[in-house]
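A quick write-up on the structure given underneath.
The values are calculated or read from the model by the stated rules, or taken from the named source; none is laboratory data. Since this is a predicted model, take the numbers as computed values, not measurements. Note: ideal-geometry Cβ built from the backbone for every residue, glycine included; neighbour counts use all protein chains shown.
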Amino acid sequence: MPSASSRHSRDTRVLVTVNALPLAVGVLLSCSTPLGEISVYGRLTLGMTWALTQLVVLVGGTWWYEKRPASSCEPAPATATAPRSAGSEW
């Protein structure tokens, strides 16, 4: 079973890779104005479609990354929940 740090490192690499690929394509599209102006549907252009796709990938990837540790098999860290009396000292 992989350790928590190696799993976290792998998850981080996956998140960065998944978001870096659409970003790289977006940069290429921004360098070519005629390519980004291609009409996809009505006034919706390829550049706008790609920007929306990038946003969806970013939000979905971040949601996956944040949800991933919560669904792992590791127990939650223990917290001090000892009850204190009203007049107790620190």
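Here are a few things to note about the model shown:
- Checking GLU89 against (1) among the acidic types (Asp, Glu); (2) modelled with pLDDT of 80 or more; (3) over 21 Å from the mean Cα position of the chain (by Cα), the condition it does not meet: (2)
A quick yes/no check of all residues on (1) surrounded by 12 or more Cβ atoms within 10 Å (Cβ to Cβ); (2) among the basic types (Lys, Arg); (3) in contact with a Lys or Arg (Cβ under 8 Å, 6 or more places away or on another chain); (4) modelled with pLDDT of 70 or more:
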{"residue": "CYS31", "(1), (2), (3), (4)": "no, no, no, yes"}
{"residue": "THR49", "(1), (2), (3), (4)": "yes, no, no, yes"}
{"residue": "PRO75", "(1), (2), (3), (4)": "no, no, no, no"}
{"residue": "PRO83", "(1), (2), (3), (4)": "no, no, no, no"}
